[in-house]
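The values are calculated or read from the model by the stated rules, or taken from the named source; none is laboratory data. Everything numeric here is computed off the predicted structure, so don't read it as measured data. Every residue, glycine as well, gets a Cβ built from its backbone with ideal geometry; the counts of neighbours run over all protein chains shown.
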Amino acid sequence: MFDCDGVLVDSEPHSVAAWLDVLRRLGHPAGERQIAECTGLGFGPTHDFLSEIAPLPPEGEVWPRLLAALNRSFATGLRILPDGIATLEACERAGIPVAVATASPRARLEVTLRAGGLDGRFAVSVSGDEVASGKPAPDCYLLAAARLGVDPAECVAIEDSGPGAVAAIAAGMRTIAVVREMSDREELEASGAKVVEVLEAGLIGL
C-alpha cells in the first residue's frame, strides 16, 4: 500500500505552490507555513483549516481553482522519488499486488499519477473522496485492502506523513514511514510506524 504524494512523487512543493497561487488570488493571508501544517490531510480538511484563518469560498468553488493551479505547477516538472519507485518496481517483479491510497480527491490523484508517469501501475487505487473519513482515519487503507481482497494485517503501508501513518496503523497494517523534506519526524515516530530515511525493498521483505 503506497501513499502517493511524498512517497512516490515529490508533489508536496507543487501542492503548496498551488495553494499559495489560489490564496493570493483570493486575497487570503495564509502562507507556506500554514499550508505545510496540512500535509497529508487532503483537500477538505486543508480547506477547513485555512478557512479558520480567514474566510474562503465554498469547497466547490475553490477546488477547480486549486486543480488548475496544480496542473500549471506540474507542467514545470514533477520529480519522482527514486527510492519509492524502486520499491514499487521490486513489488512488481515479485508479483506482489500493489495499491495506492491517498487523502487527495480522485481528480487530484489521477492528475498526479499521470504527471509522474505512474498511471496504470496499480491494481487498486483509493482516493480521499471515496471514503467516509480521510486520513488519519483508516478508511482509505481498509478499502484498498478490501478491493485487493486481502487481510489488512497482511499488508505493508508506506507513508511520509503523521496522519497517513496513523491511518495505516489503525487499519492494522505494518507501516513504514519515510522521512521526506516536508515530513514531521516527531509525528512519524509518535505514530508507531517504523521510521526510515530511505525506502528499500528489504524493508518489506524483498
Hits in region 93-122 (condition: surrounded by fewer than 17 Cβ atoms within 10 Å (Cβ to Cβ) and either farther than 17 Å from Arg72 by Cβ or of a type in the set (Asp, Glu) (or both)): Arg93, Ala94, Gly95, Ile96, Pro97, Arg106, Glu110, Gly117, Asp119, Gly120
Residue in region 186-203 that is modelled with pLDDT under 95 and among the polar types (S, T, N, Q) present: no
Checking Gly117 against (1) within 25 Å of Leu70 (Cα to Cα); (2) touching a residue at least 40 places away in the same chain (Cβ under 8 Å), the condition it does not meet: (2)
Candidate set from region 146-163 (those that are in a helix (DSSP H, G or I) and either free of Cβ contacts under 8 Å to residues at least 12 places away in the same chain or under 17 Å from the mean Cα position of the chain (by Cα) (or both)); member that is surrounded by the fewest Cβ atoms within 10 Å (Cβ to Cβ): Glu154
Hey, Glu92 modelled with pLDDT of 95 or more and either under 30 Å from Val198 (Cα atoms) or hydrophobic (A, V, I, L, M, F, W, C) (or both) or not: yes
Selection within region 124-135 - buried (at least 21 other Cβ atoms within 10 Å of the Cβ), not in a helix (DSSP H, G or I) and not β-branched (Val, Ile, Thr): Ser125, Ser127, Gly134, Lys135
Subset of region 164-206 (residues that are surrounded by fewer than 23 Cβ atoms within 10 Å (Cβ to Cβ) and within 13 Å of the chain's Cα centre (by Cα)): Arg180, Met182, Ser183
Out of Val124, Val166, Val150, sole residue that is at pLDDT 95 or above and either in contact with a strand residue (DSSP E or B) (Cβ under 7 Å, 6 or more places away or on another chain) or assigned by TED's automatic domain parsing to the domain that holds Ala17 (or both): Val124
Subset of region 49-92 that is within 27 Å of Val179 (Cα to Cα) and among the β-branched types (Val, Ile, Thr) - its residue that is surrounded by the fewest Cβ atoms within 10 Å (Cβ to Cβ): Thr76
Any hit, region 167-187, residues being under 16 Å from Glu12 (Cα atoms) and among the hydroxyl-bearing types (Ser, Thr, Tyr): yes
